[in-house]
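What follows is a single structure, written as structure tokens, with notes after it.
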């Protein structure tokens, strides 16, 4: 009730209609009017439908493949095509071949992942500490240099490894050690050992970034308080620092695990010669041998493991927030003096850099300009593999730079990855806009979640899902297998988690005010988008396109399943060269990819003044 | 601008949440400088945003003149871009990618005015607000006070019928705030715009407004001129919210009545036996005087004996803290108090300085006449 003094200029209490309760249809009519006034909700509904079709339906399709009779198995199972069956589950999980199909690959995946995690934690935490909290020489330089392995495709290292350690088990040009007269044993050359080492080196940047940023945020006053109360250095480390760092450590462990789960290139190059299979290569083999049902089961299993892993991560992140609120505001970051250890510590960082960047790239590069491996005489060097002409070989008679196949692949890469990143960047911003602005809460929640879904699904399983849905014509949709379209769609959907996150966070940061101010000034929806929202978000739109572009260029697992020779991209082209044992050419292509990915990342960082840690999507 | 009328306006965010604004009746007349005053969370900003059209209603209606702009019953909602109002945000919300000139020009461009007229109007407001020299800079290159001027200029350029201001001075430092207050008052005169101003700062409201609407917990408590609000608060909330140091309240509870309150009760019931149902009495600190000798206390005033327990200089005036066994009073005086701590004094107040509230905290208006007439006797 309003209390009005006698001199107040208030209107008489509105009688009649204004104070009566509106009927429910009046309320709905009003709400509809408010919601339909702007296209935000309409765009939201359309994008929600699009992503349901591009993300949810393929996943459902492959899960259904796992429990339905596939083409060619009707007779054996005594059922019609498409009937429900437990045959594939049984075959994958309990039959005599289940060990080869699922259990051993699962064990291998787990063991490789655990090994890689432990190794990268060991190296990564030390490096993170050296970079962020000590007076090591060249900290700044190392802070960037040690992240480089993550910017390069992981199987760059695998190819470098084979170049060095390949032995007589496999044909083709021998590795350098073999050529020098020492035959590396199989366990060094192929399988679990090299895969673990390479994945560890590749994902160490995760630990450096996540753990390092947690260390930097760590308030030295917390340390000081413990010291003042009489705690010794190691006690401070064990009882104060470590517990507070636990969320960051757990988070990087889990992210590495999730990445290892979907890793395809490294185990493909290094595992195949000794039949060392992980889940992703097992899935690839099932698809290659047209075991659609089993492929469905394996893909669904990979997805399930991925989803569980990342749900654990989400939980940990929430727990970590609890710590953040306790931490004090004034973040004092004091450096430890290394003293006598200053030089050895720098040496350690330099060694890791050499092992994880210098050596592999140098090896690859040298291998592309040498005729015979490991023979360092002047007449052995040549540029033929890059720019040679009329080489007297069966195929690939020119250097790789002059080969039309390379340029076709490069063009495909540009078109496919370019289109997909452009689309996902724009859609990401739109999704961000709708999620933040729509008055329909359910729509906002659904869009946020559906675009995040591919993040939980390793790329290779996602590709399998696409294959399952789009391999045959369905309804008005023609069969897309072998077309550029399927690659663009799959890549776009696969990049949506990053794109939509970027869009949402950009829109959250922008806040409502600038747009509302334009609204007050008289600008309608379209005008606001064009003159206010998009110009302000230009930077994040560029990142939203560039980051998917970089990760698309070095991506392999999605393409290896969906690409055919006519739609070869650079990655699949180089893999094909590996398969044909054109080692030098394959290495050259990988170097080109690595260069593009590296320079692209640098450009993106320069352009947006962000650092990579945010792009990791932790 | 025709009169803006809110009738039974209501807003809640979600069906089960409490009303941010409930059953609000408000009339804003042409040329008025109205302040919506209240503590944070009282619904004043929500009210402003409803007027602007940035929030839609959950009940009631809003009219501008005879035109309904928002009503559930009529199924009408006129979006903000069609309401022709100006709103200055608390955060200023300048567009970071546009220069100061383009920020100011934005609304005029939308109205498709000829270039010459646009330039003239931009020039005029930029001169009026003294920001012409920054025309080519970007918002991030300006200080808070300058940004605030740009935000004002941007809205004044389109010459809106009503200018809504959402705590625009709260991000400024004290000196700038004083300057901008004077500026706003000048602009109100110069542009003759209706202004609705949201603030939680009572001084701001007192110095600027022609009408103040005090709100609390989503409801309107009182609407009136600044003097009305201060001199005749409609209820205890308004009395206690406005004024610093806050009004002294003597409440007549069954079980917590202080000795001073008992004296007040005795004073009122002996002199005005017709007054019934009193819940509490309020006395503003500056309405209280003190005397060291009984002879100096005027006849017929409400008075009592207390001990000086604090003398707080505030520069030009002093706040005295007086205590009895069970009560503490604050008294403001402009003459240097020649008192010692622990000294016994008599406070007194003329009867018309007493604000009498009923048991629900509402002002008993009959008491005003009685107490005022007492003075004449």
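The values are calculated or read from the model by the stated rules, or taken from the named source; none is laboratory data. Since the structure is predicted, the reported quantities are computational estimates derived from the model, not experimental observations. FYI the Cβ positions are ideal-geometry reconstructions off the backbone, even for glycines, and counts take in every protein chain you see.
For the range A:230-240, check the following and say yes or no: at least one residue is crowded, with 20+ Cβ neighbours inside 10 Å and in a helix (DSSP H, G or I). So far as the range A:230-240 goes, no, none of its residues is crowded, with 20+ Cβ neighbours inside 10 Å and in a helix (DSSP H, G or I).
For the structure I just gave you, tell me whether residue A:444 is touching a residue at least 60 places away in the same chain (Cβ under 8 Å) and more than 22 Å from residue A:58 (Cβ to Cβ). Please lay out each step first, then the result.
Numbers: touching a residue at least 60 places away in the same chain (Cβ under 8 Å): yes; more than 22 Å from residue A:58 (Cβ to Cβ): yes.
For residue A:444, the condition - touching a residue at least 60 places away in the same chain (Cβ under 8 Å) and more than 22 Å from residue A:58 (Cβ to Cβ) - is met.
What helices (runs of 4 or more DSSP H), lying completely within the range A:357-457, carry at least 1 residues that are over 28 Å from residue A:161 (Cα atoms)? Because the criterion is at least 1 residues that are over 28 Å from residue A:161 (Cα atoms), the helices (runs of 4 or more DSSP H) in the range A:357-457 that meet it are A:404-437, A:441-456. Kindly indicate the residue of the range B:126-149 that is in contact (Cβ under 8 Å) with a residue 40 or more places away in the chain and not in a helix (DSSP H, G or I) and also surrounded by the most Cβ atoms within 10 Å (Cβ to Cβ) among those meeting that condition. Restricting to residues being in contact (Cβ under 8 Å) with a residue 40 or more places away in the chain and not in a helix (DSSP H, G or I), the top hit is B:129.
Taking the range B:207-228 only, how many residues are more than 8 Å from chain A (Cβ to nearest Cβ) and buried (at least 18 other Cβ atoms within 10 Å of the Cβ)?
The initial filter retains those residues of the range B:207-228 that are more than 8 Å from chain A (Cβ to nearest Cβ), namely B:207-210, B:212-218, B:226-227.
Checking the rest, the ones that are also buried (at least 18 other Cβ atoms within 10 Å of the Cβ) come to B:208-209, B:212-216, B:218, B:226.
Final tally of qualifying residues: 9.
In this structure, is residue B:152 under 17 Å from residue A:522 (Cα atoms), buried (at least 22 other Cβ atoms within 10 Å of the Cβ) and at pLDDT 90 or above?
Values: under 17 Å from residue A:522 (Cα atoms): yes; buried (at least 22 other Cβ atoms within 10 Å of the Cβ): yes; at pLDDT 90 or above: no.
No.
Of all positions in the range B:165-172, none carries a residue that is assigned to a helix (DSSP H, G or I), touching a strand residue (DSSP E or B) at 6+ places or on another chain (Cβ under 6 Å) and away from chain A (no Cβ under 12 Å). Return a yes/no flag: does the range B:98-120 have any residue that is away from chain A (no Cβ under 14 Å), part of a loop (DSSP other than H, G, I, E, B) and out of contact with any strand residue (DSSP E or B) (no Cβ under 7 Å at 6 or more places or on another chain). Yes, that holds for at least one residue.
Residue-level check: of (1) closer than 29 Å to residue A:528 by Cβ; (2) touching a residue at least 24 places away in the same chain (Cβ under 8 Å), residue B:74 misses just (2).
For residue B:12, indicate whether it is out of contact with any helix residue (DSSP H, G or I) (no Cβ under 8 Å at 6 or more places or on another chain), free of Cβ contacts under 8 Å to residues at least 12 places away in the same chain and over 16 Å from residue B:213 (Cα atoms). For residue B:12, the condition - out of contact with any helix residue (DSSP H, G or I) (no Cβ under 8 Å at 6 or more places or on another chain), free of Cβ contacts under 8 Å to residues at least 12 places away in the same chain and over 16 Å from residue B:213 (Cα atoms) - is not met. Counting the residues of the range B:3-18 that are surrounded by 15 or more Cβ atoms within 10 Å (Cβ to Cβ) and outside any strand (DSSP E or B) gives 1. Has the range A:500-511 got at least one residue that is surrounded by fewer than 19 Cβ atoms within 10 Å (Cβ to Cβ), farther than 23 Å from residue A:54 by Cα and within 14 Å of chain B (Cβ to nearest Cβ)? Yes, the conditions are met somewhere in the range A:500-511. Taking residue B:94 as the residue in question, decide whether it is at the interface with chain A (Cβ under 10 Å from one of its Cβ atoms), surrounded by fewer than 18 Cβ atoms within 10 Å (Cβ to Cβ) and out of contact with any strand residue (DSSP E or B) (no Cβ under 8 Å at 6 or more places or on another chain). Considered against the rule, which asks whether it is at the interface with chain A (Cβ under 10 Å from one of its Cβ atoms), surrounded by fewer than 18 Cβ atoms within 10 Å (Cβ to Cβ) and out of contact with any strand residue (DSSP E or B) (no Cβ under 8 Å at 6 or more places or on another chain), residue B:94 comes out as no. Considering the conditions (1) in contact with a helix residue (DSSP H, G or I) (Cβ under 9 Å, 6 or more places away or on another chain); (2) within 14 Å of chain B (Cβ to nearest Cβ), residue A:30 is excluded by exactly one of them, (1). Does residue B:63 satisfy the condition of being under 13 Å from residue A:519 (Cα atoms) and either more than 10 Å from chain A (Cβ to nearest Cβ) or outside any loop (DSSP other than H, G, I, E, B) (or both)? Considered against the rule, which asks whether it is under 13 Å from residue A:519 (Cα atoms) and either more than 10 Å from chain A (Cβ to nearest Cβ) or outside any loop (DSSP other than H, G, I, E, B) (or both), residue B:63 comes out as no. Under the condition of being at pLDDT 90 or above and either assigned to a helix (DSSP H, G or I) or under 30 Å from residue A:317 (Cα atoms) (or both), the residues counted in the range A:272-282 number 5.
Looking only at residues in the range B:300-354 that are under 30 Å from the mean Cα position of the chain (by Cα), touching a residue at least 24 places away in the same chain (Cβ under 8 Å) and farther than 16 Å from residue B:287 by Cα, which one is surrounded by the most Cβ atoms within 10 Å (Cβ to Cβ)? First the steps, then the outcome.
Here is the first cut: in the range B:300-354, the ones under 30 Å from the mean Cα position of the chain (by Cα) are B:302, B:310-322, B:327-335, B:347-354.
Among the residues that remain, those that are also touching a residue at least 24 places away in the same chain (Cβ under 8 Å) are: B:302, B:310-311, B:319-320, B:322, B:327, B:329-333, B:347-351, B:353-354.
Add one more test, that the residue is farther than 16 Å from residue B:287 by Cα, and what stays is B:310-311, B:327.
On the way: B:310: 13, B:311: 15, B:327: 18.
By that ranking, first place goes to B:327.
When you check residue A:599 against the structure, is it away from chain B (no Cβ under 14 Å) and closer than 23 Å to residue A:262 by Cα, yes or no?
On the way: away from chain B (no Cβ under 14 Å): yes; closer than 23 Å to residue A:262 by Cα: no.
Criteria not met by residue A:599.
Out of B:312, B:320, B:331, B:339, one residue alone is farther than 18 Å from residue B:257 by Cα, at pLDDT 90 or above and part of a loop (DSSP other than H, G, I, E, B). It is B:339. With respect to the conditions (1) facing chain A (nearest Cβ under 10 Å); (2) more than 20 Å from the chain's Cα centre (by Cα), residue B:49 falls short on a single one, namely (2). Among the residues of the range B:80-90, are any surrounded by fewer than 20 Cβ atoms within 10 Å (Cβ to Cβ) and either away from every other protein chain (no Cβ under 12 Å) or touching a residue at least 40 places away in the same chain (Cβ under 8 Å) (or both)? Within the range B:80-90 (the criterion being surrounded by fewer than 20 Cβ atoms within 10 Å (Cβ to Cβ) and either away from every other protein chain (no Cβ under 12 Å) or touching a residue at least 40 places away in the same chain (Cβ under 8 Å) (or both)), the answer is yes, since at least one residue qualifies.
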